[in-house]
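The values are calculated or read from the model by the stated rules, or taken from the named source; none is laboratory data. Source: prediction; values computed, not measured. Quick reminder, even Gly has a Cβ in these numbers, built from the backbone with ideal geometry, and neighbours come from all protein chains shown. We work out accessible area using only protein heavy atoms, side chains counted, and drop any ligands, DNA or RNA first. Shrake-Rupley method; radii C 1.70, N 1.55, O 1.52, S 1.80 Å.
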There are 4 protein chains.
Amino acid sequence: MSDLRELLADPDPRRALCALLQDFHARDWISGTGGGICGRADADSLWVAPTGVHKELVRPEEFFRISIEEGTVLDAPAGLEPSECAPIFRAIVRATGAGSVVHSHALSAVLAADHSGGGVLSISGFEMLKGLGVKNTATHEVAVIVNTERERDLTDAVATAVADERFAAAKCVVVADHGCYLWGRDVAEAKKHAEVYHWLFEALVARWPRS
Amino acid sequence: MSDLRELLADPDPRRALCALLQDFHARDWISGTGGGICGRADADSLWVAPTGVHKELVRPEEFFRISIEEGTVLDAPAGLEPSECAPIFRAIVRATGAGSVVHSHALSAVLAADHSGGGVLSISGFEMLKGLGVKNTATHEVAVIVNTERERDLTDAVATAVADERFAAAKCVVVADHGCYLWGRDVAEAKKHAEVYHWLFEALVARWPRS
Amino acid sequence: MSDLRELLADPDPRRALCALLQDFHARDWISGTGGGICGRADADSLWVAPTGVHKELVRPEEFFRISIEEGTVLDAPAGLEPSECAPIFRAIVRATGAGSVVHSHALSAVLAADHSGGGVLSISGFEMLKGLGVKNTATHEVAVIVNTERERDLTDAVATAVADERFAAAKCVVVADHGCYLWGRDVAEAKKHAEVYHWLFEALVARWPRS
Amino acid sequence: MSDLRELLADPDPRRALCALLQDFHARDWISGTGGGICGRADADSLWVAPTGVHKELVRPEEFFRISIEEGTVLDAPAGLEPSECAPIFRAIVRATGAGSVVHSHALSAVLAADHSGGGVLSISGFEMLKGLGVKNTATHEVAVIVNTERERDLTDAVATAVADERFAAAKCVVVADHGCYLWGRDVAEAKKHAEVYHWLFEALVARWPRS
């Protein structure tokens with residue numbers, strides 16, 4: 001695991017992003033070519049994984065570089081298309097200043113959303129909340145938005161959720177029937193938040209009684 | 001994981017099939033010498049794994065080459081027998097043009113079938129459906145057939161299910177109490193569909209209330 | 001995984017037994033220094049793992065050679081004690097001619113026993129039964145015996161269960177609150193039966209409704 | 001796995017502690033930078049993992065050496081802070097003479113605590129208890145303490161629980177909504193007890209009926 005340590009220290013995040021895609025695939029957080037990830041290339045652009053490929057097999061040279069403001073493709077590997085997540089990644093980065101965003105298709109996120117109400121997933125009573133920079137006595141509220149036919153059509157709802165005062169402490173937006181978007185100030189923090197939120201989703205599902 | 005990437009790009013699918021057998025064994029989709037896999041040798045024949053051996057330990061030179069139309073064994077490794085799945089694999093390939101078929105013994109497939117009715121597993125309300133080339137608003141119907149004493153006696157029921165208009169969008173036939181057959185146009189797509197269907201089986205089981 | 005293939009072909013089973021201990025530990029079938037394994041040294045003696053050590057860290061030179069008939073220790077590594085399972089392993093080998101016996105502490109075996117009645121675990125309705133050389137239409141009955149304070153005090157009950165006509169098709173004896181003993185004619189078949197029985201235990205637990 | 005065997009035999013425990021952090025992270029017992037571990041540097045001081053970092057990526061040279069009696073930092077790696085667990089680790093080591101303490105954030109510990117009553121988790125009816133040096137006929141009682149906002153504020157309650165006659169056989173204190181602290185006389189025994197207690201937590205959760 002010292003390898004991942006070195007990759008996380010590399011100013012170019014692409015090899016660390018590939019390592020996380022492999023780890024997340026092994027955990028079933030991304031699978032079947034679904035899910036995605038991005039990291040900052042510089043202040044103005046992101047490295048975004050391609051679409052329609054086995055994400056755990058993506059190589060560093062296959063990331064697209066996309067401008068954060070306009071969405072322009074600045075560097076494009078041959079024969080690939082950028083992830084449909086790109087507009088959502090850009091909206092989250094613009095609103096939060098995140099350095100890395102993860103799009104998970106974990107079943108635990110879908111099941112946690114099943115138990116949410118009124119577009120809000122309320123999480124409380126777990127020490128693990130501290131991993132989000134939140135007190136363990138807090139009620140941590142995460143937005144749950146409705147899924148759409150096209151992934152890019154989620155962009156407005158994600159942007160609205162990220163701007164909502166109620167969710168100011170959240171580093172995650174859950175998409176019902178779909179998964180979640182979560183982020184951190186850099187790739188290492190995105191990894192941390194990915195582990196924390198997926199633990200919390202599993203905990204919520206385990207604590208709720210079955211109907 | 002760059003290894004699997006290279007194996008999937010090899011025109012000879014046998015090393016990739018071995019890698020998938022190892023991965024599927026680690027996931028408990030094949031175990032106890034059960035399960036199987038095939039890939040195309042050419043337009044007219046398939047490479048089929050042997051029967052009665054630990055599938056995750058199969059080597060590339062141990063695959064049988066079998067003609068798709070007649071089922072003739074064209075190349076046979078010494079001391080082995082071809083999988084009993086071969087007639088089923090051939091029926092699926094003839095009807096769908098698939099380049100690779102996976103036979104899974106996953107518990108999730110068995111449990112999902114427990115909750116199906118009238119020979120149909122209806123799957124809806126999941127973004128993950130897109131991994132099958134289906135809209136996430138669709139109701140995706142998969143045939144569930146009754147198990148038989150001899151594996152080869154499943155062939156007619158599989159062939160009927162694959163030809164059934166209701167299941168035109170499906171890349172899978174579930175066998176109650178047994179597992180499933182699933183396929184893709186090549187080994188990479190079969191891997192993708194394997195991940196998608198097993199995710200969906202687990203999701204269906206998790207969403208259904210227990211009796 | 002080609003390594004395990006070569007180890008299973010080695011007439012000396014000790015390296016294969018070490019590999020299985022590592023695999024079974026990763027699957028939580030043995031843990032906390034519990035569980036055990038043996039294989040044949042020759043017609044008259046067994047290689048038995050030591051007691052009180054982390055089983056997944058055992059080395060080939062640390063197995064005890066023990067005579068099947070008398071239980072005499074024929075070869076003893078310095079500073080270790082043979083597993084308390086040795087008398088049970090010997091009883092199973094004498095009665096069944098098994099070439100390898102596995103002692104599992106899997107939670108799934110304990111939970112399956114919770115749902116058994118009258119000292120019998122009845123398993124039916126699973127294709128996976130074929131991995132035991134049983135028809136998938138059979139009702140496969142496995143003895144469930146009561147746990148004892150000392151492991152060696154299980155020996156008589158195991159010997160009785162193995163000699164019982166009702167359990168003639170079984171390659172396993174379940175010990176309530178404890179785990180199971182299972183076997184095969186050689187290490188490869190013991191591995192196969194281990195995978196099959198643990199799959200079946202998990203399936204039974206998943207199918208039974210919760211109280 | 002022979003590597004871990006050698007690491008456990010090293011008088012300097014730091015490489016073994018790093019290996020366990022990697023193993024425990026893979027098992028989800030520590031995640032999201034949470035959890036921790038310590039081992040003895042000598043009779044008077046402990047090696048304690050740093051806080052706020054991905055524990056599975058910690059390197060041997062990044063442990064703090066802290067005096068058991070006064071809590072003085074004797075060796076400090078640059079740019080890191082010692083774990084907030086340090087006072088709790090010291091309290092456990094002083095009271096029990098433990099050589100290694102593990103702080104787990106496992107979901108199974110949290111869920112087991114949900115089912116406890118009156119500050120006690122009663123565990124009985126499992127062979128696995130023997131891994132704690134306890135008879136399998138015993139009722140093994142483990143203290144469950146209430147979580148606090150600051151981790152160091154758990155110290156008094158942990159010290160009280162460890163000194164409580166009722167819990168004399170326990171090598172673990174559970175913290176509700178949080179996880180547990182568990183220990184052994186050396187790193188190898190702490191590993192054993194970690195495996196045993198987590199197995200027991202999972203078993204208790206599986207046996208309790210859902211509301």
(request) Would you mind getting me the FRET efficiency between A:His115 and D:Ser122? Use the beta-carbon distance for r and R0 = 30 Å, nearest 0.05. (result) 0.50
(message) What does the copy distance list look like for A:Gly71, label position 7 Å along Cα→Cβ, in nm and ordered from shortest?
(response) 5.4, 5.4, 7.6
(request) List the trypsin sites (Lys or Arg not before Pro) within the range C:132-168 that fall in a DSSP loop (any state other than H, G, I, E or B) and whose Cβ has at most 14 other Cβ atoms within 10 Å. (result) C:Lys135, C:Arg150
(request) Once the label point is placed 7 Å from Cα along Cβ, list for A:Ala206 the distances to the corresponding points in the other copies, in nm, shortest first. (result) 1.3, 1.3, 1.9
(request) For n ≥ 4 DSSP H runs only, could you compute -39500 (n - 2.57) per run for chain B, divide by its residues and tell me the 222 nm figure to the nearest 500? (result) -10000 deg cm²/dmol
(request) Provide the buried accessible surface between chains D and C in square angstrom, both chains summed, 1.4 Å probe, rounded to the nearest 100. (result) 2400
(request) Would you be so kind as to identify which of C:Ala109, C:Ile37, C:Leu7 lies farthest towards the positive end of the dipole of chain C, taking Lys and Arg as +1 and Asp and Glu as -1 on Cβ and the Cα centre as origin? (result) C:Ala109
(message) Let me make sure I get this right: for the range A:100-211, a, b and c are the square roots of the gyration tensor eigenvalues over alpha carbons, sorted descending. Under 1.5 in a/c it's rounded, otherwise prolate if a/b > b/c, else oblate. Which is it?
(response) rounded
(message) Using amide H atoms built in the peptide plane, which far-off residues or other-chain residues are under 5 Å from D:Ile30 H to H?
(response) D:His25, D:His105
(request) Within the set of other residues whose C-beta is less than 14 Å from the C-beta of C:His54, count the net charge using Lys and Arg as +1 and Asp and Glu as -1. (result) -4
(message) If I compute solvent accessible area with a 1.4 Å probe over the protein chains, what percent of it on chain C is carbon and sulfur?
(response) 48
(request) Could you tell me which of rounded, prolate or oblate describes the protein assembly as shown, using a ≥ b ≥ c as the square roots of the eigenvalues of the alpha-carbon gyration tensor, with rounded for a/c under 1.5 and, failing that, prolate when a/b is larger than b/c and oblate otherwise? (result) oblate
(message) So if I place +1 on the C-beta of Lys and Arg and -1 on the C-beta of Asp and Glu, and nothing else carries charge, what would the dipole magnitude of the protein assembly as shown be about its Cα centre? I want it in debye, nearest 20.
(response) 1020
(request) Please check which bits of the range C:67-99 a label hung off C:Arg59 would reach, taking the label as a point 7 Å along Cα-to-C-beta and the cut-off as backbone N under 20 Å. (result) C:75-83
(request) Hey, can you grab everything whose amide H is under 5 Å from the amide H of B:Glu81? Only 5+ residues off in sequence or another chain; H modelled, so Pro and N-termini drop out. (result) B:Thr51
(message) More than 25 angstrom separation, counting every C-alpha pair in chain C; what % is that?
(response) 32
(request) Have a look at the range B:1-27 and report residues whose accessible surface goes down by 40 Å² or more when the remaining protein chains are included, against the chain on its own, probe 1.4 Å, ligands and DNA/RNA excluded. (result) B:Met1, B:Arg5, B:His25, B:Arg27
(message) Net charge within 13 Å of A:Ala143 by Cβ-Cβ distance, Lys/Arg positive one each and Asp/Glu negative one each, not counting A:Ala143 itself?
(response) -2
(message) Under the rule of at least 5 residues apart or a separate chain, name every residue whose amide H is placed under 5 Å from the amide H of B:Gly184.
(response) B:Gly99, B:Ser100, B:Ala190
(request) Would you mind counting up the charge near B:Glu195? Only other residues with Cβ under 13 Å from its Cβ, with Lys and Arg at +1 and Asp and Glu at -1. (result) +2
(message) Just to confirm, what accessible area per residue do you get for chain B at 1.4 Å probe, in whole Å²?
(response) 37
(message) Defining the label point at 7 Å along Cα→Cβ, can you sort the distances from A:Lys135 to the same site in each other copy, shortest first, in nm?
(response) 4.8, 4.8, 6.8
(request) Let me know the shape class of the range C:59-103, please: from the alpha-carbon gyration tensor, a ≥ b ≥ c as square roots of the eigenvalues, rounded when a/c is under 1.5, otherwise prolate if a/b is greater than b/c, or oblate. (result) prolate
(message) If I take R0 = 51 Å and measure r between the Cβ atoms of B:Asp42 and D:Asp3 in this structure, what FRET efficiency does the formula 1/(1 + (r/R0)^6) give, to the nearest 0.05?
(response) 0.70
(message) Residues of the range D:102-116 that become at least 20 Å² less accessible with every protein chain present than in their own chain isolated, using 1.4 Å: which are they?
(response) D:His105, D:Leu107, D:Val110, D:Leu111, D:Asp114
(request) Only helices at least 20 Å long along their axis, Cα-based, and averaging -0.5 or more on Kyte-Doolittle count here, so list those DSSP H runs from chain D. (result) D:187-207
(request) For the range B:168-211, build the charge dipole from Cβ charges (+1 Lys, Arg; -1 Asp, Glu) around the Cα centre, then report which of B:Ala169, B:Ala194, B:Tyr181 sits farthest towards its positive end. (result) B:Ala169
(request) Figure the gain on full extension for A:Thr137 and A:Asp10 (residue separation times 0.36 nm, minus the Cα-Cα span) and round it to one decimal in nm. (result) 42.1 nm
(request) Could you give the size of the charge dipole of the range C:1-93 about its Cα centre, using +1 on the Cβ of each K and R and -1 on the Cβ of each D and E, expressed in debye and rounded to the nearest 20? (result) 200
(message) Using the Cα centre of the range B:112-211 as the reference point, and only Cβ charges (+1 on K/R, -1 on D/E), how large is the resulting charge dipole? Debye, rounded to the nearest 20.
(response) 360
(request) Work out the mean other chain Cβ neighbour count within 10 Å for the residues of A:186-197 and drop it here as an integer. (result) 3
(request) In whole angstrom, note down how far apart the Cα centers of the range B:93-125 and the range B:142-211 are. (result) 1
(message) On a straight-distance basis, which lysines could pair with B:Lys171 in a cross-link, Cα separation under 30 angstrom, same-chain partners fewer than 8 positions away excluded?
(response) A:Lys55, B:Lys55, B:Lys130, B:Lys135, B:Lys191, B:Lys192, C:Lys130, C:Lys135, C:Lys192
